[in-house]
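Heads up: the structure comes next, in structure tokens.
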Amino acid sequence: DGSRTQIHVDIQLSSIGVSIVSQVEELMYASLHGVNLTAIHTDVDSLLATSINTLQVDNQIRPATYPLLLSVKSSHAANDSSTAPPVAQASPASGAGDGS
């Protein structure tokens, strides 16, 4: 009948933090802001796309010479994150064909 099954999931997180911990102490902390994840699956194609507006990785080992390991912010993150280009974006795609 021409109908296709489609699953579409959008996840938007204002912020998320991840810690890497050894048995005795926190080693690293990563904070991500403006995280968007989109997953689309149909009978023909699958798509997974993600973007991050702000990423910071901190060295938590004390005393750290360089406590800030990485800090990347969108050039417009302070103004309006809804129109700012993300600092990280990924869109691996797979499909059964090119639609022709």
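The values are calculated or read from the model by the stated rules, or taken from the named source; none is laboratory data. This is a predicted model, so every value here is computed, not measured. All Cβ positions, even for glycine, are placed from backbone atoms using ideal geometry, and neighbour counts span all protein chains on display.
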How many residues does the range 20-39 hold that are more than 15 Å from LEU55 (Cβ to Cβ), touching a residue at least 24 places away in the same chain (Cβ under 8 Å) and in contact with a strand residue (DSSP E or B) (Cβ under 8 Å, 6 or more places away or on another chain)? 4
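Return the residue satisfying two criteria in turn: it lies in the range 1-33 and is over 24 Å from VAL72 (Cα atoms) and polar (S, T, N, Q), and of such residues it is modelled with the lowest pLDDT.
SER3
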Considering only residues of the range 85-100 that are at pLDDT below 70 and not in a loop (DSSP other than H, G, I, E, B), which is farthest from the chain's Cα centre (by Cα)? GLY95
Only residues that are surrounded by 15 or more Cβ atoms within 10 Å (Cβ to Cβ), hydrophobic (A, V, I, L, M, F, W, C), over 9 Å from the mean Cα position of the chain (by Cα) and modelled with pLDDT of 90 or more: list them for the range 34-47, please. ILE40
